[in-house]
4 protein chains.
Amino acid sequence: MQEDRQQDALKRLSYIEGHVAGIRKMVEDDKYCVDILRQMYAVRKALEKLEAIILEGHLRTCVPEGIRGNREDAVIQELVQLYNIAGNH
Amino acid sequence: MQEDRQQDALKRLSYIEGHVAGIRKMVEDDKYCVDILRQMYAVRKALEKLEAIILEGHLRTCVPEGIRGNREDAVIQELVQLYNIAGNH
Amino acid sequence: MQEDRQQDALKRLSYIEGHVAGIRKMVEDDKYCVDILRQMYAVRKALEKLEAIILEGHLRTCVPEGIRGNREDAVIQELVQLYNIAGNH
Amino acid sequence: MQEDRQQDALKRLSYIEGHVAGIRKMVEDDKYCVDILRQMYAVRKALEKLEAIILEGHLRTCVPEGIRGNREDAVIQELVQLYNIAGNH
């Protein structure tokens, strides 16, 4: 991963870890489910945003390198798989 | 699109059109909302499945052709955009 | 369904039907996959929006009526099922 | 939350926290993006599964209690909001 993208990813992961720890605290303290769910949706959005950032980095670097090199079939196969896993199809 | 993929897509689109017409009939006849929603989820899954099939065709044909040709930047930019639109990020 | 919600749903379904027919035309004319996918995402968003409208109507009318009546278990069971189907869990 | 559902939620949250920490390690060690993305999708699925479990508990306990009590409008309004946040509409 490019240096700046990696730093951004680590910052976002720290935020996500703190957020999940906060949700665990809410469950331990038996907070109202609706408030817990709102926090869970927020952390899921943060996770999806980070997925989009990492995928964009992959598309901009590894994919063209792989296709110009000898990994075309593997790179395309991976993208098809990722899309199927991500989308639950 | 490849011939067989195109035929498959047209068959799936006919099914989706019939399904949507069936849902319109249910709404006109004021059927129970829960039954209407179940049919809507089914048609959405059919649509998502077709998206996956068309994207897979794109990844296997246009993307490697574009990258080996002179369209690398455009092809990658399109993939990033598609992912962002599809995922709502 | 309430009269105005039903009229809104029918208008949205007509739009969706026209949109799907337009996508079929694009596939028949062998248009560029990326343009077809953009139209498919747009129609999927329109479908998801209509699901949200119908679910909101259901939550505001049938659910409280069912729970005050004798259908509490059935109504709750349906909501759990709908969420699981909708979310693919 | 019911005792057993709370215990289940805490166990799942511990798993999610460990999983996110593992992903951070992968990013620090500059692992291949595709492997990182696969782990991220797995943790997202675990999060969505837990959302479904907490929502089911909410639907089975707080919602009928609220509607039989004096919180009907509030309970329904919360469900409409949750669905809109969760679904990104």
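The table below lists the values:
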item: Subset of the range B:35-58 that is within 12 Å of A:Tyr83 (Cα to Cα) and of a type in the set (D, E, K, R) - its residue that is surrounded by the fewest Cβ atoms within 10 Å (Cβ to Cβ); result: B:Lys49
item: Matching residues, the range C:1-43, being of a type in the set (Phe, Trp, Tyr) and closer than 19 Å to B:Lys49 by Cβ; result: C:Tyr41
item: So D:Lys25, is it at pLDDT 95 or above and more than 10 Å from chain A (Cβ to nearest Cβ); result: no
item: Counted residues, the range B:44-60 - those being among the β-branched types (Val, Ile, Thr) and either in contact (Cβ under 8 Å) with a residue 60 or more places away in the chain or facing chain C (nearest Cβ under 7 Å) (or both); result: 1
item: Filtered residue count, the range B:44-55, keeping only those that are within 19 Å of C:Ala52 (Cβ to Cβ) and touching a Gly at 6+ places or on another chain (Cβ under 7 Å); result: 1
item: Check on B:Ala9, facing chain C (nearest Cβ under 7 Å), within 13 Å of the chain's Cα centre (by Cα) and open to solvent by less than 30 Å² (accessible area, probe 1.4 Å); result: yes
item: Test: D:Lys11 is within 30 Å of A:Val63 (Cα to Cα) and among the basic types (Lys, Arg); result: no
item: Unmet criterion (only one of (1) facing chain A (nearest Cβ under 7 Å); (2) surrounded by 13 or more Cβ atoms within 10 Å (Cβ to Cβ)) for D:Asp30; result: (2)
item: Yes/no for B:Val20 being more than 8 Å from chain C (Cβ to nearest Cβ) and over 13 Å from the mean Cα position of the chain (by Cα); result: no
item: Positions within the range D:67-87 being facing chain C (nearest Cβ under 8 Å) and either touching a residue at least 40 places away in the same chain (Cβ under 8 Å) or open to solvent by 60 Å² or more (accessible area, probe 1.4 Å) (or both), in sequence order; result: D:Arg68
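The values are calculated or read from the model by the stated rules, or taken from the named source; none is laboratory data. Just so it is clear, the model here is predicted, and its values are computed rather than measured. Every residue, glycine among them, receives a Cβ derived from its backbone with ideal geometry; neighbour counts consider all protein chains shown. The area values use the complete protein model at the heavy-atom level, side chains included, leaving out ligands, DNA and RNA. Shrake-Rupley method; radii C 1.70, N 1.55, O 1.52, S 1.80 Å.
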